[in-house]
Amino acid sequence: METKRKTGIYDKLQGLMYPREIDNACKNHLKDNGYFVDNLWHLDDVRNRFDCTDDQAYKVLSRVLESDYIMGSIHEAICQVAQDEFNLKFKNDE
């Protein structure tokens, strides 16, 4: 049986911290595990512009952020910046 790593998040989710602190703890946990969390989208990004439910706002974000166009653009930009600004080489380049 796999042992869960102690992150402290479970305690924080049990009402021991303010919601903003919980958000930051969750982001820090993800960041510490290799995820980029500095650019997150919120339902309000849709709800502030459109009269919609939370479910509709989530579906809008999901459709946009998971689209082939956006995913392709992100991957292309990663390659461009890695090569041009950081002079990084692809792993399969000799």
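3J(HN,Hα) along the range 80-92: 4, 5, 4, 7, 6, 9, 10, 6, 7, 10, 4, 4, 7 Hz, from the Karplus curve 6.51 cos²θ - 1.76 cosθ + 1.60 with θ = phi - 60°, whole Hz, x for Gly and Pro. Can you bin the range 41-94 into rounded, prolate or oblate? Criterion: square roots of the alpha carbon gyration tensor eigenvalues sorted a ≥ b ≥ c, rounded for a/c under 1.5, prolate for a/b above b/c, oblate for the rest. Prolate is the answer for the range 41-94, as a/c is 1.5 or above and a/b outweighs b/c. Couplings for the range 57-63, taken from phi via the Karplus curve 6.51 cos²θ - 1.76 cosθ + 1.60 with θ = phi - 60°, read 4, 5, 5, 4, 4, 4, 4 Hz in order; Gly and Pro are left as x. What net charge is computed for the residues neighbouring Asp38, neighbours being all others with C-beta under 12 Å from the C-beta of Asp38, Lys and Arg scored +1, Asp and Glu -1? With Lys, Arg at +1 and Asp, Glu at -1, the net is +2.
Where Lys and Arg each count +1 and Asp and Glu each count -1, what net charge lies around Gln56 among other residues with Cβ under 11 Å from its Cβ? Result for the local shell: 0. Rounded to whole numbers, the Karplus 3J(HN,Hα) couplings from phi for the range 43-48 are 4, 4, 4, 9, 4, 5 Hz, using 6.51 cos²θ - 1.76 cosθ + 1.60 with θ = phi - 60°, and x at Gly and Pro.
Taken together, the values in this text are just the output of simple stated rules run on the coordinates, not laboratory data. Being a predicted model, the structure only gives us computed values, none of them experimental. Don't worry about glycine lacking a Cβ; one is built from the backbone with ideal geometry, like all the others, and counts go over all protein chains shown.
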